[in-house]
């Protein structure tokens, strides 16, 4: 099973995206953090998404929590944390409605370097509230590695402290290519991998390029990934903005081809 995020081009309406995604060969789609694009947090939006996805013979594998001011799951300010929990609860409810198995979130809001120890305690506090809300929905929550080490320290602390089987890891290859020790987190938390954000970059910023278009070490990735025995949906989080493929149909088809090439390379290891 292979999926692509709606992040590939938010200027294209979801209805048109799904046509392209299905035509390229994908089995799933992931709803991106820009919630106004899909409206997945509204009842009407959920109804529309269900109809569109089913009409194209696709499924929603995951939803990404929104970004924005006032949202920070590890904020040192209790009020901000509570507000974030409220929004993430709605994301969980939306995922359940859409039969999506994973809700993906970042351990911090943007780049931070302060209050790390307080943030570690706050993320655990807030995640425990979210885990209580999961109940028997079948939805899981996955924390995504970021492109700066302080955020990843908070991620690691939360995964070490919370052993709940409904809490796991989303591996972002582009983010990982920008830290001091790429693949260290995947090696450590691969057994708790719920989903992926597969993309490439040139090594200096989060380009979200197609696999094999940048400098990420895919050979080493395949060796690590093969040992994990991952059976979830292989999700690409790529964007057209850095690509030479300017046609959405061609870009998404190329994404599928490269994603399948990478997935099969992992299986051969």
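The values are calculated or read from the model by the stated rules, or taken from the named source; none is laboratory data. Remember, predicted model here, so these are calculated numbers, not experimental data. Please note: Cβ atoms are built from the backbone with ideal geometry, for glycine as well, and neighbour counts cover all protein chains shown.
The single residue among 69, 93, 36 that is outside any strand (DSSP E or B), farther than 23 Å from residue 232 by Cβ and modelled with pLDDT of 95 or more turns out to be 36.
Going residue by residue through the stretch 218-227, is there one that turns out to be assigned to a loop (DSSP other than H, G, I, E, B), more than 17 Å from the chain's Cα centre (by Cα) and on the phi < 0 side of the Ramachandran plot? No, because not a single residue in the stretch 218-227 is assigned to a loop (DSSP other than H, G, I, E, B), more than 17 Å from the chain's Cα centre (by Cα) and on the phi < 0 side of the Ramachandran plot.
Inspect the stretch 48-57 for any residue being buried (at least 17 other Cβ atoms within 10 Å of the Cβ) and within 17 Å of residue 194 (Cα to Cα) and give the result as yes or no. The answer is no, given that none of the residues of the stretch 48-57 is buried (at least 17 other Cβ atoms within 10 Å of the Cβ) and within 17 Å of residue 194 (Cα to Cα). Within the stretch 58-71, the only residue that satisfies the criterion of being under 18 Å from residue 10 (Cβ atoms) and exposed (fewer than 14 other Cβ atoms within 10 Å of the Cβ) is 68.
Take the stretch 235-253 and flag every residue that is surrounded by fewer than 19 Cβ atoms within 10 Å (Cβ to Cβ) and either under 21 Å from the mean Cα position of the chain (by Cα) or in a loop (DSSP other than H, G, I, E, B) (or both).
Quick first cut of the stretch 235-253, residues surrounded by fewer than 19 Cβ atoms within 10 Å (Cβ to Cβ) only: 241-242, 244-247, 249-250, 253.
If the condition is that a residue be surrounded by fewer than 19 Cβ atoms within 10 Å (Cβ to Cβ) and either under 21 Å from the mean Cα position of the chain (by Cα) or in a loop (DSSP other than H, G, I, E, B) (or both), then 241, 242, 244, 245, 246, 247, 253 are the ones that fit.
Checking each residue in the stretch 72-90 for being buried (at least 16 other Cβ atoms within 10 Å of the Cβ), without any contact (Cβ under 8 Å) to a residue 40 or more places away in the chain and not in a helix (DSSP H, G or I) picks out only 72. The residues listed here are 174, 158; of these, the one that is surrounded by 14 or more Cβ atoms within 10 Å (Cβ to Cβ), touching a helix residue (DSSP H, G or I) at 6+ places or on another chain (Cβ under 8 Å) and either within 26 Å of residue 127 (Cβ to Cβ) or without any contact (Cβ under 8 Å) to a residue 40 or more places away in the chain (or both) is 158. Considering 220, 202, 227, 125, the condition of being more than 17 Å from residue 62 (Cβ to Cβ), out of contact with any helix residue (DSSP H, G or I) (no Cβ under 9 Å at 6 or more places or on another chain) and surrounded by fewer than 23 Cβ atoms within 10 Å (Cβ to Cβ) is satisfied by 220 alone.
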